[in-house]
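Following: one structure in structure tokens, then a few remarks.
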Amino acid sequence: MSATEFNQILVSQADFLKPFAINLTRDSEAANDLFQETLYKALANHEKYNAGTNIKAWLFTIMRNIFINDYRRKAKQKTIFDNTPNDYLLNYQQPAINNDAESDMRLKEITKAVDDLPEIFKVPFKLYFEGYKYNEIAEVLAEPLGTIKSRIHFARKLLKEQINRY
């Protein structure tokens, strides 16, 4: 069979491969790649096709083999080999221990720092911290919006200076 005849048969019979590729990959982009790779392999190996045999089965086999080989290659790339002597610890499901004392100390430190703020900064900051918006705080305190924003900004700045960071 000549290359031209093979190409004509391939083009006329290739459309049935697209649904099969989508069924294998479950992704349209990956299916298009698989379809193109299948056609490329079929064209590159057209001399291995025996004239008169079922070309659909031959193309299905090529596509399935490409998909399986790609799947195995990707699975192998994700495998991590650990040659350390403590392999038994890799999947050891020990829960983490939470240190409530330290978090309580930090919370007390933050609360004290907020309470030590000057009253002019503390009130708008606490309202903001409780979830009020700038314009709501401005209405409640009967102050201009810009004043409220700057007071909250300065309160944050003072808190950053007062609270020791680890």
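Assess whether Leu89 counts as being at pLDDT below 90 and more than 24 Å from Leu158 (Cα to Cα).
Spelling it out, Leu89 is indeed at pLDDT below 90 and more than 24 Å from Leu158 (Cα to Cα).
Is the stretch 6-16 home to any residue that is surrounded by 10 or more Cβ atoms within 10 Å (Cβ to Cβ), of a type in the set (S, T, N, Q) and assigned to a loop (DSSP other than H, G, I, E, B)? First the steps, then the outcome.
Taking the stretch 6-16 first, the residues surrounded by 10 or more Cβ atoms within 10 Å (Cβ to Cβ) are 6-11, 13-14, 16.
Pick out the ones that are also of a type in the set (S, T, N, Q) and you get 7-8, 13.
Then keep just the ones that are assigned to a loop (DSSP other than H, G, I, E, B); that gives none.
Taking every residue of the stretch 6-16 in turn, none turns out to be surrounded by 10 or more Cβ atoms within 10 Å (Cβ to Cβ), of a type in the set (S, T, N, Q) and assigned to a loop (DSSP other than H, G, I, E, B).
I'd like to verify a number: residues in the stretch 17-41 that are exposed (fewer than 12 other Cβ atoms within 10 Å of the Cβ) and in contact with a helix residue (DSSP H, G or I) (Cβ under 7 Å, 6 or more places away or on another chain), how many?
So the count comes out to 1.
Which members of the stretch 42-57 meet the condition of being free of Cβ contacts under 8 Å to residues at least 40 places away in the same chain and surrounded by fewer than 16 Cβ atoms within 10 Å (Cβ to Cβ)?
Answer for the stretch 42-57, where residues must be free of Cβ contacts under 8 Å to residues at least 40 places away in the same chain and surrounded by fewer than 16 Cβ atoms within 10 Å (Cβ to Cβ): Leu43, Ala44, Asn45, Glu47, Lys48, Asn50, Gly52, Thr53, Asn54, Ala57.
If you scan the stretch 127-153, which residues turn out to be closer than 19 Å to Ala113 by Cα and crowded, with 16+ Cβ neighbours inside 10 Å?
Leu127, Tyr128, Arg151, Ile152, listed by residue number.
So which helices (runs of 4 or more DSSP H) stay within the stretch 102-166 end to end and still have 1 or more residues that are at pLDDT below 90?
119-129, 145-162
What pairs come up if the first residue lies in the stretch 9-35 and is under 15 Å from Tyr71 (Cβ atoms), the second is acidic (Asp, Glu), and their beta carbons are under 8 Å apart, counting only those six or more places apart or on different chains?
Leu34/Asp70
The values are calculated or read from the model by the stated rules, or taken from the named source; none is laboratory data. Quantities reported herein were computed from a predicted structural model and do not represent experimental measurements. In this analysis, Cβ positions are derived from the backbone assuming ideal geometry, glycine residues included, and neighbour counts consider all displayed protein chains.
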